[in-house]
Number of protein chains: 2
Amino acid sequence: MKKKVKKTIVTGDVLAKEFKEHSVAEFFKKNRQMLGLYGKVRTLTTVVHEYVTNSLDACEEAGILPEIEIKLDELGPEYYQITIKDNGPGLTKDTVGKALGQLLAGTKFHRLMQMRGQQGIGASGCTMLSQMTTGKAIKVISGTGKGKAFACEISIDPKKNEPQIYNMRDLDRKFRGLMIQAKFKGVLYRESAMGPLEYLRRTAIANPHAKIIFRSPKGEKIIFNRTTTYIPKPPKPMKPHPAGVTVDDVITMAHHTKAQKVSSFLKNDFERIGDTAIAQIQKLVSFDLNKDPRKLTWSEAEQIVNAFKKIKFIAPSADGLRPIGEARIRKSLESIVQPEYVYTLTRPPKVYAGGYPFQVEIGIAYGGKAGITTENNQAKEDENQGVKVEIMRFANRAPLLFDAGNCAITKAVHSIDWKRYGIRDLENVPLTIFVNFISVHVPYTGAGKQAIADEDEIMEELRLALMMCARKTARYISAKRAEIEKKMKRDMFYKYIPEVAEALSKITKKDKNKLIKKLEWLVLNKLKLEKPEEKKVKRLKPKQKGE
Amino acid sequence: MKKKVKKTIVTGDVLAKEFKEHSVAEFFKKNRQMLGLYGKVRTLTTVVHEYVTNSLDACEEAGILPEIEIKLDELGPEYYQITIKDNGPGLTKDTVGKALGQLLAGTKFHRLMQMRGQQGIGASGCTMLSQMTTGKAIKVISGTGKGKAFACEISIDPKKNEPQIYNMRDLDRKFRGLMIQAKFKGVLYRESAMGPLEYLRRTAIANPHAKIIFRSPKGEKIIFNRTTTYIPKPPKPMKPHPAGVTVDDVITMAHHTKAQKVSSFLKNDFERIGDTAIAQIQKLVSFDLNKDPRKLTWSEAEQIVNAFKKIKFIAPSADGLRPIGEARIRKSLESIVQPEYVYTLTRPPKVYAGGYPFQVEIGIAYGGKAGITTENNQAKEDENQGVKVEIMRFANRAPLLFDAGNCAITKAVHSIDWKRYGIRDLENVPLTIFVNFISVHVPYTGAGKQAIADEDEIMEELRLALMMCARKTARYISAKRAEIEKKMKRDMFYKYIPEVAEALSKITKKDKNKLIKKLEWLVLNKLKLEKPEEKKVKRLKPKQKGE
């Protein structure tokens, strides 16, 4: 028996012959679901998402008020064409191939900057999908506004992860912006909560400065007009904050710095490190901070990180973060769900592992259409995730429609003990919770960018912010509940006043009508019906920042 | 105003200067959460997962009964060392660098074969993490059983995604297997449902042929002995089944085939295509199947795929799939949850998009400790996902502990209308649902391999299999419920028999004791208490395959 087993053993040298390397493009081609490109409806929405976020990012960085036109045409069964045109800064002949035909290439990955995209995968993934499902390259027209615009077709060589550019030609006109046309098979347009229209509606909510024009496959034209012409300040590349960096980060940065000394490296390449901090660090480490940063050893870098932990730094600057703002979130929620009550909160920036600053914005809407929108009901059906309260998730203003169950935002919402805030059953309450997570690096759980990883610092901050909002909402709800109970009591007393007065009048021989009036006065005074307490609070509240 | 806006516009050529490419290693280094390497407890479990699945895969492919030893040592606060040793085929000097120090390299990606790992990312990701958190390379000892074993240290150059091998040396002894020692900071060992111990316990459940020895940081030694010495047949590379392939798949395969004609290409490179099918396909396409496959155009390949859809092919062979088997799942569940009732089902293979065969195995355990294990309760707390019934998920026998909310298995379970099966409230029922999804390519939603994408065909098959099991379980539950109701009725009648007999005896002047006996006989006969119906069904059921 033992002999038999031995005979069938395949040795390591035989298996070694099967060793191969493959490109990141091949990897994502075989695992398109990791880019969110799976499911007929989801795939089409994800394509729209990738192109729209790229356009918004480009406009924001260039300081342009975005105007984006998206057209979807049904070319056949489960066969669609998307045409998207923006007024952004455009791509050049040098960059167009890498931006749209090579994975992991782009302007976003290496900069700590608040953008919707961050990996250089999305748009190139769409090019690959077009090619995989229709055999066709994507068509591009681009111009920077200076000189002639150009047109070309682009596909990807998956074995090499390199762009293939065909038919590059100058156009006889000026144009600033980017136009992409791509075809996809095996996709489906639906006007559901997971469809492109809902995606664009939510994009408009979180980006009130953008004009978005959508032409649906049915030929309808839907325009989301901008409600403000205020262009958000262009995002700013940030330096890492010492509070969250790892030894590896310090080593990697030290080896690439332009500074000549460790001290100047620390001051130049990190946030919030000045001369005082340098003096403090010098006391905590065993080596001279005048040392060449390129010669920094692991254990020296470790000493620096340990020193970082002992020093109190100022919180990261909010300079590079661009919140929507409490007033604008309020306006958006009021317009969508017409609630009885809204509370919005933009928290100060925090830092999570790696030194990345982030910021949380919350809006809670109660009553009206909150929580019971058709979109939400459909979302429940579509996702089967048992999520009952309506949670609108955003990361850097880009809506997150999928993978709710996996997201720090959803987990944070469900981790709150809502009963403590007068919400006895989260499933049956008219509540919409809006959350915008902004950061120079969003820790997405996957390349499909639909869920935020539940890092400790992020969960803590989300929970804290949610509880602050819940407390405010609880005050409104309990005031409202007390009011309702009082009203019921008063109504009951009123109902019996005539009978009581009748009896009293018989006993005391006093006028029945006078007794009724007196009793009514008594009830009115004892059970005063007031405006709900929260409304007062609202009036007393100082004007919100950004208003 | 307009002028001012124009002034601040940054043009495309300026932004072009920010264009950079980066390697897949840099990408995953910055996005380690996409590999599941985030959260202190989760990270350590994921590391164990990556190494153990690699060992099991290697042993299975080599036809070896696996014996795996895992040792965790606490070196400091949030600082651990893992030492893992297997008796597998080992790596050679040529392959060790790529296997452990380069992402997207390995033996698994390009073969359609049922394995736990499939991307060539996991183990290299761990090397990167060791380096990122401790600055240290991993230590390796390997031998193929022939000649001397060797030792070396390995790290990754992230800029190039290339292995760096140090200190390669021959050892003065023979050894077959692989030993890896790696250190990690920022991780935590917990004996929770998300910890390494639970991971190994579940691995043992789904791999009864493996012996697993675990030495915990507390110094405990836990041995999971094998309950069978039956080595699963080595996995077999599969060809794609015509039912699911896309045009792109056909084109890519046609360009790499060794066949000279399209007809022989189709016969050789796909499953289940014989001469009859070729004749049918020839009738459905407009070109000669004697054509050179390398010259196949997109539209010709499209014709082939359309023809595939019209022809009825035999279902994919189960040759390459290695289910655990109904009997072994039953045994496992009986030993873990000691249920009142178990039903297990191994479904025949199906195909999902891309022509990948897959197979679903389900076990439902009711009563006993089912659904109310401490592990499950803790899991609820840890994940905050609102998952109440205990769902044990496996993919190719590897336990999936994380990202439950995002997984096709969880979604399928929650999409079932359990009320129809007598389970009124899934949250409060003693139910454990065991699901093993096996395939030559598992469509994981992320590189962290913890959730299966809800592709249509997969959801359909999972739902079908779950409903079949639910029906069987329902029969048991309803029989049990009827029995309980009968028993309550009988008990009630029994209670009143003395009084009724007393009264009757007074009226009829008959002996009270005789009356009691007669009444008791009546009740016993009218309300016969039987063994629950399902137990009969169980006895009548033919012996399960594999038993």
query = Using 7 Å Cα-to-Cβ label points, what is the B:Lys283/A:Lys312 separation (nm, one decimal)?
reply = 8.6 nm
key: Residue of chain B nearest the B-to-A rotation axis [by Cβ], rounded angstrom distance   = B:Gly405, 1
ask   = Cα centroids of region A:91-105 and region B:186-211: how far apart, whole angstrom?
value = 44 Å
ask   = What does the charge count near B:Gln282 come to, summing +1 for each Lys or Arg and -1 for each Asp or Glu among other residues with Cβ under 12 Å from its Cβ?
value = +1
Per-residue ³J(HN,Hα) for region B:180-185, Karplus 6.51 cos²θ - 1.76 cosθ + 1.60, θ = phi - 60°, Hz, x for Gly and Pro = 10, 10, 9, 10, 9, 10
note = Ordered by fewest other Cβ atoms within 10 Å, a rough proxy for footprinting exposure, A:Leu519, A:Leu104 read A:Leu519, A:Leu104
query = Summing -39500 (n - 2.57) over the DSSP H runs of n ≥ 4 in the protein assembly as shown and dividing by its residue number, what mean residue ellipticity at 222 nm do you reach, to the nearest 500 deg cm²/dmol?
reply = -13000 deg cm²/dmol
ask   = Hey, quick one: spin label on B:Lys174, modelled 7 Å out along Cα-Cβ, who in region B:128-147 has an amide N within reach, i.e. under 14 Å?
value = B:143-147
ask   = In terms of modelled amide H atoms, which long-range or inter-chain residues lie less than 5 Å from the amide H of A:Met392?
value = A:Ile433, A:Phe434, A:Val435
request  = For the protein assembly as shown, list log₁₀ I(q)/I(0) at each q in 0.05, 0.07 Å⁻¹, using the Debye formula over Cα point scatterers of equal strength and ignoring solvent, two decimals each.
outcome  = -0.39, -0.73
Inter-chain Cβ neighbour average for residues A:438-451, partner chain, 10 Å = 4
note = The size of the Cβ-based charge dipole (Lys, Arg +1; Asp, Glu -1) of region A:1-134 about the Cα centre, to the nearest 20 debye, is 1440 debye
key: Calculated from backbone phi, Karplus (6.51, -1.76, 1.60) coupling profile of region A:46-58 in Hz, x at Gly/Pro   = 5, 4, 4, 4, 4, 5, 5, 5, 4, 4, 5, 4, 4
key: Total formal charge among the other residues, if their Cβ is under 12 angstrom from that of B:Gly186, Lys/Arg +1 and Asp/Glu -1   = +1
remark   = Computed ³J(HN,Hα) along region B:412-429: with the Karplus parameters 6.51/-1.76/1.60, θ = phi - 60°, integer Hz and x for glycine or proline, the list is 4, 4, 6, 8, 7, 7, 5, 4, 4, 10, x, 9, 6, 9, 4, 6, 10, 9
query = Around B:Cys152, what is the net charge, scoring Lys/Arg as +1 and Asp/Glu as -1 over all other residues with Cβ under 14 Å from its Cβ?
reply = +3
key: Amide N of region A:308-339 lying under 16 Å from the label point, which is placed 7 angstrom from the Cα of A:Lys369 along Cα→Cβ   = A:331-339
task = Kindly identify region A:326-467 as rounded, prolate or oblate by the Cα gyration tensor criterion: order the square roots of the eigenvalues as a ≥ b ≥ c, call it rounded if a/c is under 1.5, otherwise compare a/b with b/c, prolate if a/b is larger, else oblate.
result = prolate
query = Could you work out Rg/(2.2 N^0.38 Å) for chain B, with Rg from alpha carbons only?
reply = 1.24
remark   = If B:Ser264, A:Ser155 are placed from fewest to most neighbouring beta carbons inside 10 Å, the sequence is B:Ser264, A:Ser155
ask   = Relative to the other copies, what are the label-point distances for B:Met492, with labels 7 Å from Cα along the C-beta vector, expressed in nm at one decimal and sorted shortest first?
value = 3.5
ask   = Measuring label to label, 7 Å along Cα→Cβ, what does B:Lys510 give against each other copy in nm, shortest first?
value = 7.5
remark   = Mean separation of Cα contacts under 8 Å (at least 6 apart) over the residue count of chain B, i.e. the relative contact order in percent, is 13 percent
ask   = For B:Lys312, which inter-copy label distances result when the label point lies 7 Å beyond Cα on the Cα-to-Cβ vector, reported in nm to one decimal and in ascending order?
value = 7.9
inquiry  = Residue by residue through A:214-224, how many Cβ atoms from other chains fall within 10 Å of the Cβ on average?
reply    = 0
Ranking of B:Lys506, B:Lys40 by count of other Cβ atoms within 10 Å, fewest first = B:Lys506, B:Lys40
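Each value in this text was obtained by applying a stated rule to the coordinates, not by laboratory testing. Fair warning: this is a prediction, and the values are worked out from it, not measured in the lab. A quick note on method: Cβ atoms are made from the backbone with ideal geometry, for glycine too, and the neighbour counts reach across all protein chains shown.
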